[in-house]
């Protein structure tokens, strides 16, 4: 199975912000999480006295969201919530699980159709549309002096004479003498190819060979070659595997496209605008049910797309605003196809095998250990029931506060709570972020930053905030 193509982005998820927040939030509170309060003054100090936190509304919201995530993560440890059980692993590792499941289903479907019988191997070899070649290359640059090329040709003619005396030993000669590192390790084998795969001089000489033939010395821009077309008896297994790989490669896109066509998958005309709106204002758009694409039996909505892009590396989404509509439609089509494939895999009961689950659990456990160590949260201490819950909560909150201080001062690296784990923690807790509080915190932070810069005479260094990630603000909770 192909390895993961997806790299999980370090971006938090957030719910849409209710209108009531603007009217009911206390003006001195920036955020709440699990009974804890992030005051306007505290947030302004974190941002204003930090080294590289930009004085921008979104930076304040990201900082507040990170505080929410850390508080809920710490309190989950104190409360004894299992963070490494199968259900949590399945939630936190959803992007990887989804991709593994649809790849397994996809590979099963394609490989079934790409399997070639022995009579089909014989027929394909005889037809000659696909061929397998060996070669030996002695390198000579295209503009090499004539005497240099002549020396290479004499050397290769000597090798050619030995190859023609013992054709079956061509592979041994290639492993010893060839200067093509890729094929040298495979006894000179170039793999199953169709016409048009090589530069013309090589192509013309290779495709003129009958099974068992060896060419004269051939000059190409890469140097001088001798080429052999091995008979089927020598390379049956290699030819069969290469033929199946070629068919599978051809069927790969055909399979996905045919499934999309069978389900009548169609991208909506306004999809590019909706995608740009999502990226520009993630917190307000991520819950939208507006359709980006439709297909038989369902719709691919903005909220579905949001779940996929949150799992991607942030660099994937950075260019969305400037991408033309045609590229965005294709992007939506690709993700919608993946969604349809995943639904088909779920319907077929496609599951992960134990090795895949063990791999995912190891990745998840490693992320947890990193968080524990970097933030300074010790599960053993915070889970010690000989201490009161209140004391352990205070220790956890103080540890998070100290870590955030070190992050904004540039004394500690920023490690976020994995995005899908953070989302699961928010869904089960009461939390909120106040827009009014954020505005007041920004104003106060700007004043603190100005006071600091005036006192020290230092101009803040340009650059992004140490609290990275995409648009992660929002208000939620039951």
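No value in this document is a laboratory result; all are computed from the given coordinates. No experiment lies behind these values; they were computed from the predicted model shown. Neighbour counts run over all protein chains shown; Cβ positions are idealised from the backbone, glycine included.
Based only on other Cβ atoms within 10 Å, what is the fewest-to-most ordering of 94, 67?
By the 10 Å Cβ count, ascending: 94, 67.
Let me have the relative contact order for region 263-347, percent, based on Cα pairs under 8 Å that are six or more residues apart.
Working: 91 pairs, mean separation 27.7, N = 85.
Averaging sequence separation for qualifying contacts and normalising by length gives 33 percent for region 263-347.
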Residue 363 paired with residue 284, simple spin-label distance in nm, labels 7 Å along Cα-to-beta-carbon: 3.4
Spherically averaged projected area in nm², based on the convex hull that wraps the Cα atoms of region 30-168: 21.8
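Could you order peptides 124-136, 223-235, 80-92 by the average number of other Cβ atoms within 10 Å of their residues, highest first?
223-235, 124-136, 80-92
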Part-to-part distance (alpha-carbon centres) for region 329-408 and region 206-247, which is given in Å: 51
Sequence of 352, 404 once ranked by neighbouring C-beta atoms within 10 Å, starting from the fewest: 352, 404
Centre separation in Å (Cα based) which lies between region 111-177 and region 26-103: 59
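Quick check on region 263-347: take the gyration tensor over C-alpha atoms, sort the square-rooted eigenvalues as a ≥ b ≥ c, and tell me if it's rounded (a/c under 1.5), prolate or oblate. Provide the component values of the computation, followed by the final result.
Numbers: a/c = 1.60, a/b = 1.47, b/c = 1.09.
Since a/c reaches 1.5 and a/b is larger than b/c, the shape of region 263-347 is classed as prolate.
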Calculated log₁₀ intensity ratio I(q)/I(0) where the Debye formula runs over C-alpha points of region 128-238, q = 0.09, 0.12, 0.20, 0.22 Å⁻¹: -0.20, -0.37, -1.05, -1.27
